[in-house]
Each structure stands twice: as structure tokens, then as C-alpha cells.
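Single-structure report; data block below.
The values are calculated or read from the model by the stated rules, or taken from the named source; none is laboratory data. Given the structure is predicted, the values throughout are model-derived calculations rather than measurements. Here the Cβ positions follow ideal geometry from the backbone for every residue, glycine too, while neighbour counts run over all protein chains shown. Note: accessible area is taken over every heavy atom of the protein model, side chains too, but ligands, DNA and RNA are not part of it. Shrake-Rupley method; radii C 1.70, N 1.55, O 1.52, S 1.80 Å.
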Amino acid sequence: MLLETDEDIARLLTETKHIALVGASAKPERASNRILKFLLDQGYDVTPVNPGLVGEELHGVEVAPSLEAIERSIDMVDIFRNSNAAGVVVDEAIAVGAKSVWMQLNVINRPAVERAEEAGLDVVMDRCPKIEIPRLGLLKSDDGG
């Protein structure tokens, strides 16, 4: 189901414990790096995913080469890829049994949303959890991330 109401997005963010962040970057100036740190600071268990960074750690967490390589359940796949590449990530999320996919700001892929919905996943598109968490009053720290 495509989640668009504040209530549905807040529910997803509250129920989510383990996030796989696809497209994680080692570069501190990249949004994926900043969002990874923010989510960790908010108490989420986040696995960064980037085949080019295997064996490295980002913010103290070992990088996984793929969703398939993560050996435990994934509540949410947070996608930091362009709109076209997001479709492949959504298909991988479906294949590994993730519960939801979150497409970041400006990542829009309606056919991928439809595939995710058909597979029973919750979907958020064209939004950022670093914006939504404080906006919805869900911050777990006083520093704002």
C-alpha cells in the first residue's frame, strides 16, 4: 500500500526496527551518509548496503554488499538510488521479504510501487525520513539529528 497520510507514515516509522539503506555512501557530504547517521541516532538498527564498500564500516556499522546478503529480516529498505534504479531495488526488497520500501526525495517509480503493493509491501515515495520523523513528532533525541 502506498502510504501518504501522516498517520500511516508515522505508524510505519514507529513499527520499523531494522532498515537496510541501499546506496549508502562513505562521503559525509552525501545525503545517504547523513541519513544513515540520523537513523542510527534515532535508535534504528540500520544496515548500510553498497557493493563498492564491502568490508568497510559506516558510522560503526559493517556495510553489506546486497539485500540478499543480510541474514535477518528487514523491516524497511530505504532507497538512495535514482528513480530508474529504484525499480531493481524494489524487486530485490520483494525477493528478500522486506516489509516496506521507502523511496527518497525525487525518487519516483510508479511501476515499482505497483509491484511492491502487489507483493504486500508498504511503500513511501518521494519523502525523506529525516524530514518526516521530526515533522511527525517522532524524534528520539533533543538535538534534531
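Looking at the stretch 91-129, which of the residues that are part of a helix (DSSP H, G or I) and under 11 Å from the mean Cα position of the chain (by Cα) is surrounded by the fewest Cβ atoms within 10 Å (Cβ to Cβ)?
By that ranking, first place goes to 129.
Considering 77, 101, 113, 107, which residue is at pLDDT 95 or above, under 19 Å from residue 7 (Cα atoms) and not hydroxyl-bearing (Ser, Thr, Tyr)? Write out each step before concluding.
Numbers: 77 fails: under 19 Å from residue 7 (Cα atoms); 113 fails: under 19 Å from residue 7 (Cα atoms); 107 fails: under 19 Å from residue 7 (Cα atoms).
Every option except 101 fails the conditions.
Please indicate, with yes or no, whether at least one residue in the stretch 34-50 is of a type in the set (Ser, Thr, Tyr), within 20 Å of residue 139 (Cβ to Cβ), within 14 Å of the chain's Cα centre (by Cα) and modelled with pLDDT of 95 or more.
yes
Show the residue pairs that are 6+ apart or on different chains and have beta-carbon atoms under 8 Å apart, the first residue being within the stretch 83-97 and touching a residue at least 12 places away in the same chain (Cβ under 8 Å) and closer than 13 Å to residue 121 by Cα, the second being open to solvent by 70 Å² or more (accessible area, probe 1.4 Å) and in a helix (DSSP H, G or I).
90/115; 91/115; 94/115
Determine whether residue 63 is more than 19 Å from residue 97 (Cα to Cα) and without any contact (Cβ under 8 Å) to a residue 24 or more places away in the chain.
Answer is no for this residue.
Spot the failing condition for residue 24; the list is (1) assigned to a loop (DSSP other than H, G, I, E, B); (2) open to solvent by 10 Å² or more (accessible area, probe 1.4 Å); (3) closer than 19 Å to residue 106 by Cα, and only one is missed.
If we test residue 24 against (1) assigned to a loop (DSSP other than H, G, I, E, B); (2) open to solvent by 10 Å² or more (accessible area, probe 1.4 Å); (3) closer than 19 Å to residue 106 by Cα, just (2) comes out false.
What is the number of the single condition among (1) open to solvent by less than 10 Å² (accessible area, probe 1.4 Å); (2) of a type outside the set (Asp, Glu); (3) assigned to a helix (DSSP H, G or I) that residue 37 does not meet?
It is condition (1) that residue 37 fails.
Select, from 131, 70, 94, the only residue that is modelled with pLDDT of 95 or more and in contact with a strand residue (DSSP E or B) (Cβ under 6 Å, 6 or more places away or on another chain).
70
Looking at (1) in a helix (DSSP H, G or I); (2) surrounded by fewer than 21 Cβ atoms within 10 Å (Cβ to Cβ); (3) not polar (S, T, N, Q), find the lone condition where residue 71 falls short.
With (1) in a helix (DSSP H, G or I); (2) surrounded by fewer than 21 Cβ atoms within 10 Å (Cβ to Cβ); (3) not polar (S, T, N, Q) applied to residue 71, the lone miss is (1).
Of all residues in the stretch 81-90, how many are of a type in the set (Val, Ile, Thr) and crowded, with 18+ Cβ neighbours inside 10 Å?
Residues flagged as of a type in the set (Val, Ile, Thr) and crowded, with 18+ Cβ neighbours inside 10 Å within the stretch 81-90 amount to 2.
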